[in-house]
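What follows is one structure encoded as structure tokens, with my remarks underneath.
The values are calculated or read from the model by the stated rules, or taken from the named source; none is laboratory data. Quick caveat: nothing in here was measured; it's all calculated off a predicted structure. So basically every Cβ, Gly included, is an ideal-geometry build from the backbone, and we count neighbours across all protein chains shown. These accessible areas exclude ligands, DNA and RNA; they are computed on the full protein's heavy atoms, side chains included. Shrake-Rupley method; radii C 1.70, N 1.55, O 1.52, S 1.80 Å.
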Amino acid sequence: MSRRTEQEIREELEAHLRESEARLQQQGMDAESARKEALRRFGDPDQWARKCADEAPEIRRKNRSVDVALALGFAIAGWFLADVATMVSKAGLVPLDLIVLLHLAVGVPLCIAGGIQAVRTRYRTSRVLYALSGTLAWWFALVFGTWAYFDVWQAMPDAPEEAFADGAALTGVIFAGWLPGVFLMGGTILVTWLVRRLRARGARAVTSS
Amino acid sequence: MSIHIPSEEAAQVPPGTLELLILRCVADVSMHGWAISRSIKDRTQGTLLVEEGSLYPALHRLLRLRQLSAAWGTSENNRKARFYRITSRGQARLVRDTALWARVTAAVAKALDVSPNPSPLPGVT
């Protein structure tokens with residue numbers, strides 16, 4: 001269905017260009033010059049075709065479904081990978097000091113990826129979903145990491161008294177652990193937005209020159 | 001008289017202006033994209049459609065909003081073309097937005113202390 005819509009859009013834009021060419025030829029232009037002039041007046045057909053496709057209801061539905069699936073994927077991947085990191089930590093494969101870092105190695109890329117996708121997507125609801133799921137992936141990593149850290153520490157033969165102060169630490173990351181994630185998400189969104197803006201400005205400058 | 005407005009400024013026209021003009025063009029008769037672009041260029045002296053292709057996303061948006069309907073046909077030059085026709089929803093929007101537009105432009109003109117038919121400005125040729 002979406003392929004047929006895209007094909008129809010292409011046909012329609014091509015019909016416009018042919019009509020322009022014909023009119024220009026009627027005014028005395030040769031075929032090649034007429035084609036060039038028609039394209040100059042029309043702008044980039046690929047760009048306009050993409051923008052038209054964005055408006056097609058079936059393509060919008062498809063894009064939205066992909067966005068929802070991908071956003072859920074970030075959150076689920078955050079949960080799953082943080083769980084794997086916890087299992088690896090409890091198996092004694094990671095030094096105590098690196099347990100939280102290992103978990104963050106899972107949460108940070110997912111949070112950044114969520115932020116990038118939040119800027120790239122065209123739909124407002126998808127933006128919110130990506131931002132939420134990316135931040136959630138970070139939060140899972142921090143909570144699981146803290147939990148695993150204290151578990152491994154407590155299991156050590158000469159565990160000090162502080163190793164059993166896990167309740168306060170866990171409560172802290174559960175309630176405030178999302179804050180650094182929000183900052184990371186915000187920073188990623190800002191940087192991605194700026195990069196896209198600079199790129200678009202560069203592309204416009206090249207086109208106009 | 002033609003008014004030259006740089007493309008950067010043309011992009012700053014109020015959102016929905018192009019859609020309103022499209023609805024106006026097809027209010028009485030169905031038209032294909034090329035004819036609509038010609039009509040808008042004539043009506044606005046080329047101010048809004050800096051690139052003709054910019055018309056099509058607006059046409060497809062209006063189709064999605066069911067304010068236009070479309071059907072393939074043959075143009076006056078015997079070429080395959082997609083013809084657009086206004087729907088009752090589009091008609092209702094045209095009436096509503098035209099009235100709103102008139103009120104807003106009158107209010108802004110009054111606030112800026114300019115008449116609706118200003119004397120030639122620098123840049124007007």
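Carbon and sulfur atoms: what percent of the 1.4 Å accessible area of the stretch A:90-209 do they account for?
Using a 1.4 Å probe with all protein chains present, the stretch A:90-209 comes out at 69 percent carbon and sulfur.
Each Lys and Arg Cβ is given +1 and each Asp and Glu Cβ -1; about its Cα centre, the protein assembly as shown then shows a dipole of about 1580 debye.
Accessible-area loss of 10 Å² or more (1.4 Å probe, protein heavy atoms, chain alone versus all protein chains) is found in the stretch A:30-54 for A:R41, A:F42, A:G43, A:W48, A:K51, A:C52.
Under 30 Å of direct C-alpha separation, and excluding same-chain neighbours fewer than eight residues apart, B:K80 reaches these lysines: A:K36, A:K51, A:K62, B:K41. Amide H contacts under 5 Å for B:A81: B:G73, B:T74, B:S75, restricted to partners 5 or more places along the chain or on a different chain, H placed in the peptide plane at 1.01 Å from N.
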